[in-house]
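Reading through the structure tokens given below for one structure.
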Amino acid sequence: RAKSEGHGRYRLFSDRMAEGIRAERLLERDLAEAIEKQQLDVHFQPIVDLASGRILSFEALVRWTHPVRGPVAPSEFVPIAERAGLVADLGDFVLRRACREAAGWPAAIGVSVNLSPSQLARPDFVLTVVRAVHETGLSPARLDLEITETVPLSENSAMRAMLEQLRSLGVSISLDDFGVGYSSLSYLRSFPFDRIKIDMSFVRDIGRRADAEAILKAAIGLGGALKMRTTAEGVETEAQRDWLLGQGCDEGQGYLFSRPVPAADAARLVATGAHSSLRA
Ligand code: C2E
Ligand code: MG
Ligand code: MG
Ligand code: MG
């Protein structure tokens, strides 16, 4: 009896797995179609100067509304795109859209674009960036690329060389989700990032957990000592903003200032100087 139960459990598990794989295949097919038909969208979330509340730049965040399922979170479909080999096309689309929108904003406002590790693994990636800024007329100095810690940079000299080339074009490079990767400190040593974006999981615990606050303080201090700007992600309350400002954090991003908004709203935010309404 125990044997047949075990077998049953195994069957259930494998059925579920097969179901999961089927569901992913379907989503993958729909995503390929959405990319091809340019049905993806890009929203923009302000990154503000913590002291003044002024908008410094926007982060471009990809959006997908599935015709049947409705909105699908990027944390769900970006990994699918990665596994299905679609991420170069997805990444190109976001990069171009982001550069095109930013080219219409005042010259002081920058734009940050998230990169997938496999984009950086492509030898023609620098050329892709050169084309995107050239064709949209965006000054490369207004473009920032966000990378997350996945592959140890020190062990990847091709990726390092690529980041250096991008740098020499004037593009800035940010280390995203700092603190939740597995090799944060060695990452900081292997490349001179322009900015550290501290993961929101720490910001959430300001005023609640001494360990999170200690890590935030250390990260902000480290950024300062290494001459990198520090950005806190997921700032939702004034108390969090004030605490971060008190610790010397440079920039903030989060629902306190604005949610990610469609391109037209982002343009309005900068044009109407709506940053004053974001001010403390
Ligand atoms: P990320 O790069 O760390 O982006 C910040 C995420 O935090 C965004 O989620 C944003 O909507 C969310 N967020 C911002 N402020 C707050 C806040 O105050 N509270 C909370 N709870 N969340 C906040 P989103 O748009 O769902 O994106 C999730 C992740 O998906 C991103 O994390 C990034 O890793 C990835 N992603 C998004 N767009 C792209 C893209 O175009 N390309 C690639 N490769 N990855 C992307
Ligand atoms: Mg990011
Ligand atoms: Mg981030
Ligand atoms: Mg994050």
Response to the item:
Residues in the stretch 165-204 that are in a loop (DSSP other than H, G, I, E, B), more than 16 Å from ligand 4 (Cβ to nearest atom) and open to solvent by 10 Å² or more (accessible area, probe 1.4 Å) total 4
Worksheet item: Of all residues in the stretch 34-63 being touching a His at 6+ places or on another chain (Cβ under 6 Å) and open to solvent by 30 Å² or more (accessible area, probe 1.4 Å), which is farthest from Glu101 (Cα to Cα)?
Response: Arg54
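Just give me the residues in the stretch 188-201 being within 15 Å of ligand 2 (Cβ to nearest atom) and free of Cβ contacts under 8 Å to residues at least 40 places away in the same chain, in sequence order.
Let us first name the residues in the stretch 188-201 that are within 15 Å of ligand 2 (Cβ to nearest atom), namely 193-201.
Those that are within 15 Å of ligand 2 (Cβ to nearest atom) and free of Cβ contacts under 8 Å to residues at least 40 places away in the same chain: Phe193, Ile196, Asp199, Ser201.
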Worksheet entry | First in the stretch 230-248 and basic (Lys, Arg) and outside any loop (DSSP other than H, G, I, E, B), second anywhere and open to solvent by 70 Å² or more (accessible area, probe 1.4 Å) and away from ligand 3 (no atom under 16 Å from the Cβ), Cβ under 8 Å, 6 or more apart | Arg241/Ala280
Fill in: Residue check, Ala218 away from ligand 4 (no atom under 16 Å from the Cβ), part of a helix (DSSP H, G or I) and touching a residue at least 24 places away in the same chain (Cβ under 8 Å)
no
Discussion item. Any residue at all in the stretch 85-106 that's touching a Cys at 6+ places or on another chain (Cβ under 6 Å), away from ligand 4 (no atom under 16 Å from the Cβ) and open to solvent by less than 20 Å² (accessible area, probe 1.4 Å)?
Written reply: no
Response to the item:
So, first residue farther than 30 Å from Glu213 by Cα and in a loop (DSSP other than H, G, I, E, B) in the stretch 249-274, second residue open to solvent by 50 Å² or more (accessible area, probe 1.4 Å) and not acidic (Asp, Glu), Cβ within less than 7 Å, six or more apart or across chains; the pairs are Ala274/Arg268
Item to complete: Only residues that are aliphatic (A, V, I, L, M), at pLDDT below 95 and open to solvent by 50 Å² or more (accessible area, probe 1.4 Å): list them for the stretch 115-147, please.
Response: Ala121
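The values are calculated or read from the model by the stated rules, or taken from the named source; none is laboratory data. Quick caveat, the model's predicted, so the values are computed rather than measured. A quick note on method: Cβ atoms are made from the backbone with ideal geometry, for glycine too, and the neighbour counts reach across all protein chains shown. Side chains included, ligands, DNA and RNA excluded: accessible areas come from the protein's heavy atoms. Shrake-Rupley method; radii C 1.70, N 1.55, O 1.52, S 1.80 Å.
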